[in-house]
1. Would you please list the contacts, defined by Cβ atoms under 7 Å and residues six or more apart or on different chains, that run from a residue in the range 342-363 that is surrounded by fewer than 18 Cβ atoms within 10 Å (Cβ to Cβ) to a residue that is at pLDDT 95 or above and outside any strand (DSSP E or B)?
2. Just one of (1) modelled with pLDDT under 95; (2) crowded, with 19+ Cβ neighbours inside 10 Å trips up Leu483, so point out which.
3. Of (1) under 28 Å from Pro199 (Cβ atoms); (2) out of contact with any Lys or Arg (no Cβ under 9 Å at 6 or more places or on another chain); (3) touching a residue at least 40 places away in the same chain (Cβ under 8 Å); (4) of a type outside the set (A, V, I, L, M), Asn33 satisfies all except one. Which?
4. Tell me whether the range 368-379 contains one or more residues that are assigned to a strand (DSSP E or B), touching a Ser or Thr at 6+ places or on another chain (Cβ under 9 Å) and within 26 Å of Val407 (Cβ to Cβ).
5. How many residues are in contact with a Gly (Cβ under 8 Å, 6 or more places away or on another chain) and either within 14 Å of the ligand (Cβ to nearest atom) or on the phi < 0 side of the Ramachandran plot (or both) if we restrict to the range 381-409?
6. Looking at (1) of a type in the set (A, V, I, L, M); (2) surrounded by 24 or more Cβ atoms within 10 Å (Cβ to Cβ); (3) assigned to a loop (DSSP other than H, G, I, E, B), find the lone condition where Leu27 falls short.
7. I'm trying to understand the selection: among the residues of the range 237-262, which are in a loop (DSSP other than H, G, I, E, B) and out of contact with any Ser or Thr (no Cβ under 8 Å at 6 or more places or on another chain)?
8. Has the range 139-154 got at least one residue that is over 17 Å from the mean Cα position of the chain (by Cα), among the basic types (Lys, Arg), in a loop (DSSP other than H, G, I, E, B) and buried (at least 23 other Cβ atoms within 10 Å of the Cβ)?
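The values are calculated or read from the model by the stated rules, or taken from the named source; none is laboratory data. In this text the structure is predicted, and so the values were computed from the model without any measurement. Glycine also receives a Cβ, built like all others from the backbone with ideal geometry; neighbour counts cover every protein chain displayed.
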Amino acid sequence: MFNHYTLTVGVHNTHKFSSAWGPTKTLGYSTANATVDYLGPTLVTQKNHPINVRVINNLPAAGTPVFPFDQPNNNNTITTHRHGGLQSAASDGVPAPNGVEVPPLGSQTQHYPNNQAAAPLWYHDHADAADSYHVYEGLAGLAPNTDKLEPSFGLPRGKFAKSYVLQDKSFNADYSLCYTHADPEFFGDRPVINGTIAPKQNVEPRRYTFTLVNGSDSRFYHLSLQQVTGSPSAAPAMTVVGNDDGYLLHPAPVSDLLIAPGERYKVVVDFTGHNSQNWVLANDAPGPYPGPNVAPAIPQLMRFDVGTSVTCPDHSRVPKTILETNNATPLALKLAQARLRTVQAGEITAGNPQLGDKNQLLNYFDPPTETPQLGSTEVWAMRNHSPDAHPIHEHLLEQQLIGRWHVGAWDANGRPVPSTIGPFQPANAYESGPKDTFESPPDYITAWVGKYTIPGTSVWHCHILSHEDGAFSNGAIEMMRPLVVGLKPQFQLPLVLTQGHLDQLVRQP
Ligand SMILES: [Cu+2]
């Protein structure tokens, strides 16, 4: 285990997205020992073992276009965010102007204390108005944090635990990347898993732990396993055991799974008894989600070819309960301490989604309005009166989904018409663990809760990368807002107290 990593961001002309193809120009995070031409090395950390990660920017000088995309600027600055990591604001990779970005030939050292539970974290570029381009070009990687409890859970481990970064891309005839912000979202026509188009994976007839990371720009995936060959059978059992920031207290069996950009799910898939069958990870989500669809279909992401024997007996299991340091506090206890902050997602002009506080939609450069007190707990109720679902991500803390309320009608100011608010819908079992990114459907109020333990200025934003960067108006409107955790009490926010009281508060305009 290293205490220090050095990563160098550079341009490469060697990555092949398919073995039958020529190389494609990409970006990658190289290590001191290895050139990495797409994505970055997996940074495995251990709880309570801090690390420093120095990131060197080896992109060409400012003003030099690297890709022929419609990027609003070619500053070529970068800043690295470890998504889900409980690191200080100074090491959080906050986009300019609230954070310091690294110019070409500069470097930045991020300090990660890792005093958090085992979690499928990931890292990616977060430069203002450019990170959607940079992530598409390759600047993302896995950063799982591990702890001493994890091995005791009995889940499939070692070579029977795999991680998959799910992306969609388009390519020109010469294999070069194709990307545009001409629409408010980007949808590619090819599935790219860990940098390979529609890969095949040989698996044994046994249990596996799959960590799924949605590293796509805009595409939600509604995943299931579909059989392609072999004697017909029921699908391998899938059990969600973890969310963005750690393990579920109660693993949740699923037959299908929705994963939005920025979200992570840890799933145990049981191929036992499926000898000699072939299965695909299938997707039928429209893009934008939940529709109407304008995106090219990506019905199959990757294939699993199940062998006929296991190399060793499978002694793994899926426990009924997984007790971690961050998943056992009862929701009622969190609500008892919380104040309610209302936020919104909407559109002033069609196709230009924005975020805001209870009263108005705002830009990233407007003064901060989300200013939680350090040490306090807040419920955020997100009123989404825009036409699309948005995965809303807050930096600096772990949270938990409470649930959602359908809204039949909004008034002209984006407030729900009280008589049209439906009954409370609790979080699905599979999305009820430690999280930091919350699927907020259109015409719903979505509520989550978390405690602010890290001071400073960072951001909250939509994790549709084109939205976060402002695909619209040439980046003038960004679906991102400052998050300022400070010392000022937030007495203006009502106390939540109980689930029943939260339900009453949410129904007030
Ligand atoms: Cu969005």
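1. Close Cβ pairs satisfying both conditions: Asp357/Thr369.
2. (1)
3. Among (1) under 28 Å from Pro199 (Cβ atoms); (2) out of contact with any Lys or Arg (no Cβ under 9 Å at 6 or more places or on another chain); (3) touching a residue at least 40 places away in the same chain (Cβ under 8 Å); (4) of a type outside the set (A, V, I, L, M), Asn33 violates only (3).
4. no
5. Final tally of qualifying residues: 15.
6. Exception for Leu27: condition (3).
7. Within the range 237-262, Asp245 is the sole residue that qualifies.
8. No, the range 139-154 contains no residue that is over 17 Å from the mean Cα position of the chain (by Cα), among the basic types (Lys, Arg), in a loop (DSSP other than H, G, I, E, B) and buried (at least 23 other Cβ atoms within 10 Å of the Cβ).
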